[in-house]
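Data block below; observations after.
The values are calculated or read from the model by the stated rules, or taken from the named source; none is laboratory data. Remember, predicted model here, so these are calculated numbers, not experimental data. Every residue, glycine among them, receives a Cβ derived from its backbone with ideal geometry; neighbour counts consider all protein chains shown. Just so you know, the surface numbers come from the protein's heavy atoms only, side chains and all, with ligands and any DNA or RNA stripped out. Shrake-Rupley method; radii C 1.70, N 1.55, O 1.52, S 1.80 Å.
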Amino acid sequence: LYCAAGGMGGREAGEVASRMAVDTICREATAKIDRVSQITPETLENILDESFQAANNAIKDHSEQLGNDMGTTLVAALIYKNSLALVANVGDSRGYLMRDSVLHQITRDHSLVARMVEQNRLTPEEARHHPHSNILLRTVGTERNVEIDIFSVELEQNDRLLLCSDGLWGEIEDEDIEAILNHYQDLRVICREMIRAAHHEGGKDNITVVMSEIY
């Protein structure tokens, strides 16, 4: 199980929410998988959904206790037998698949500008520079029982999965991410170079990158 989160609401709120999201989803998923006698893709999808929801409601409870607003974006990939990835997201942290030197976006952003692109009111390029590009329609911890998107991806040998916050894809284009992935082999070097490129382009937000490779 791999996760990436991008907290919102400043250091005190966003940092806490993103940490709670990752800790809770990992703890809940591990406990649920340990209790299952027979693991199937359908079982894992339910576990991923329930664990995501548990993280959402835990953050909402904590926020209400403190009397403040906090939330986070969250993307997670649960890999089953190196043959299937269940990729879930809320917000605009993204999941990508790199296969045969081509980068594919798996997840869909839950943002105002993404919806406007779907409605043909904006081009993808206009959306990147839109003044309301930071407005999210769905986040973890803002409302109870959040709607979660889960995508099923059949994996092949040498596939790479990339999970990242908008601090990465918001600064560098997908073709630049793809070029870095094609230029380097070591995953640590790839992550370092992507972060370096995002900083070079402005680095206005926290940059979180998680990568895995299928052998």
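Quick notes on this structure:
- Sequence of Glu147, Glu28 when ordered by accessible area, the most exposed leading, probe 1.4 angstrom: Glu147, Glu28
- Solvent-accessible surface (1.4 angstrom probe) belonging to Cys191, in square angstrom, nearest 10: 30 Å²
- Placing a label point 7 Å from the Cα of Asn158 along the Cα-to-Cβ line, the residues of the range 175-210 whose backbone N sits under 16 Å from it are 181-187.
- Over the chain, Cα pairs under 8 Å with separation of 6+ residues give a relative contact order of 23 percent.
- Among Asp109, Asp186, the sequence by solvent-accessible area, most first, with a 1.4 Å probe is Asp186, Asp109.
- Chain lengthening between Asp176 and Arg108 when straightened (0.36 nm per residue, less Cα-Cα): 22.6 nm
- Sites Arg35 and His129, calculated FRET efficiency, Cβ-Cβ separation with R0 35 Å, nearest 0.05: 0.15
- Computed log10 I(q)/I(0) for the chain at 0.17, 0.18 Å⁻¹: -1.24, -1.36, from the Debye equation with unit scatterers placed on every C-alpha and solvent omitted.
- Only DSSP H runs of four or more residues enter the estimate; each adds -39500 (n - 2.57), and after division by the residues of the chain the mean residue ellipticity at 222 nm equals -12500 deg cm²/dmol.
- Taking 0.36 nm per residue of separation and subtracting the Cα-Cα distance, full extension of the segment from Glu64 to Leu84 would add 3.5 nm.
- Percent carbon-and-sulfur accessible area, the range 1-122, ignoring ligands, DNA and RNA, probe 1.4 Å: 43 percent
- Pairwise FRET efficiency - Asp49 versus Arg144, Cβ, R0 = 22 Å, nearest 0.05: 0.90
- Only protein heavy atoms count here; under a 1.4 Å probe, Asp92 has an accessible surface of about 10 Å².
- The listed residues Phe52, Phe151, once ranked by accessible area (1.4 Å probe) with the largest placed first, stand as Phe151, Phe52.
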